[in-house]
Every structure is written in structure tokens, then in C-alpha cells.
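Laboratory data are not the source of any read-out in this text; all were calculated from the coordinates shown. Owing to the predicted nature of the structure, the values given are computational and were not obtained by experimental measurement. Please note: Cβ atoms are built from the backbone with ideal geometry, for glycine as well, and neighbour counts cover all protein chains shown.
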Amino acid sequence: MFFGITKEKANAKLQRAFATRNFADAIEAYRKLIAKNPKDHELFNNLGVAYLESDALTESIEAFQKANLLLPACVHFNNLGRALLERKQYQSAREAFAKGRELDATDPMPWYNITVSLRNEGRTEEAQRELVEFLKAHPAHANGLNDMGCHYLDCGETDEALKCFKKAVAIDPAALSARLNLIRLLCDSKQYPEATPHLEILAKQGLNVRVHADKKNMVSIDINGSPFYRTKNS
């Protein structure tokens, strides 16, 4: 089955696995390639990604560590931080993200992930301060804008939240969390006509969107068969 496997074929297996959520073939392919070329940092990094997506955290951490031994790189340290974050090893994760940021200050992901790590650890105020500084440096980061929008919502500043969500989806139309937050906020504000184009975009992106509105202006929205929004009782 793996006769003549190449890095390109292994990478294709990895990409297909993101759709099927079965990473076994990709893992086996990378392991066979590494046995032939144990000094290829990219193979270890991609193997780590396949393990990480399979929730094999110990194996993913080991693979990313080996990738960094061969070539310290921002992407390797960022992925290592992601695996450590899944293990709830917050301090170690931030150290990995910080190293990645040090190696490539132009890549926003390690810094953004520092804010995620702080938030996941429950250090909300520190996470928010870090997010503010992050967005000063990377004002067009869709996930960062979405997180800022959520912060404004928590503070009751709906107008500012709306601006953040709108900016996020304008920058990245595939920013699903930001678009869902935007739709929910528009519906809560009874701005149903403004929400409609965003629901149509979700449908065009392949999601199954069902909207029902009764004569009492009560709106329900289901996405992929699951309840997404219901008009709140007055």
C-alpha cells in the first residue's frame, strides 16, 4: 500500500485526512518516510500535526520536538505549543509560542496563541491585555478580532462587538466563529435583514441552514440540523 510513497503523496494523505478525520494512513506514511530520511524536519512536523489531529498528544509533542532539534522554526514551536496547550500545560505552551514568535515576529500565530493559552487557563485579564497588544500589531487578524468582539459582548458593548465581528468576516470570509457571532448579535438586535446575507453565505459554504419565522416575529435558525438561534423571550 505504501510502495513508492513520497513526501508529496504523504502530504496529500494528510490534507485528505482533515476531511475524513482519519489520520492513520498519513501517520503511517510519514513514519515510513522518516525511517528512510530521519533528518527531514518537515516530515517530523507533519507527523506531529497528524498525531495532534488524532489526539495522540504525547506522540505529537515528541514529533514536534524532533522537528525543532533538526531545525528550530516558528511553525515547529507554534505546533509544539498547540500540543502542549491541549495537554493543559499552559506555561510550557506559552514558552513554545514565545520561542516561535522570537524566531519569526511577522507570523501572528504564536502571539495569538499566547492570548488563547492565557484565556484557557482562566487568566482573563492578562489574556485581554495581551489581546489588545496583539491587535495593535496585527489589526487584521480575524480570530483576534472575533475574540475582541466576544470581550465587548461580555462587557455589554454591543456596538463595538458588532464592529469587530463585521471586520473579521470582511477580512476573512471563512471566519466561521466570527460570522456566527455576528449573525447571533444581529438577530438579538432584531436586525434580521442584515443577518440574512450572512446566512446565505453559510449556505453557499456548504452548511445546511434552515430559518423559520412565525407571525409573532419569533425566529428560529438551525444549522446542520442543530439549533443555532432562537428569539429570546421579551
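Annotations
- Averaging Cα coordinates gives a centre for the stretch 11-51 and one for the stretch 68-91; these two points are 17 Å apart.
- Surrounding net charge for Leu14, when Lys and Arg each add one and Asp and Glu each subtract one, Cβ distance under 13 Å: +1
- Linear extension gain, Glu126 paired with Lys36, 0.36 nm per residue minus alpha-carbon span: 27.8 nm
- Dividing the helix sum by the residues of the chain, where each DSSP H run of 4 or more adds -39500 (n - 2.57), gives a mean residue ellipticity at 222 nm of -22000 deg cm²/dmol.
- Applying a DSSP loop filter and a limit of 16 other Cβ atoms within 10 Å to the GluC sites (Glu not before Pro) in the stretch 150-234 leaves Glu157.
- Each 10 Å bin from zero up to the one holding the largest Cα-Cα distance in the stretch 156-211 carries the following percent of pairs: 25, 59, 16, 0.
- Ile201-Cys155 FRET efficiency (beta carbon distance; Förster radius 30 Å; 0.05 resolution): 0.60
- Calculated FRET value between Gln91 and Ala12, using beta carbons and R₀ = 25 Å, to 0.05: 0.10
- For Ser220, net neighbour charge (Lys/Arg +1, Asp/Glu -1) across residues whose Cβ lies under 14 Å away: +3
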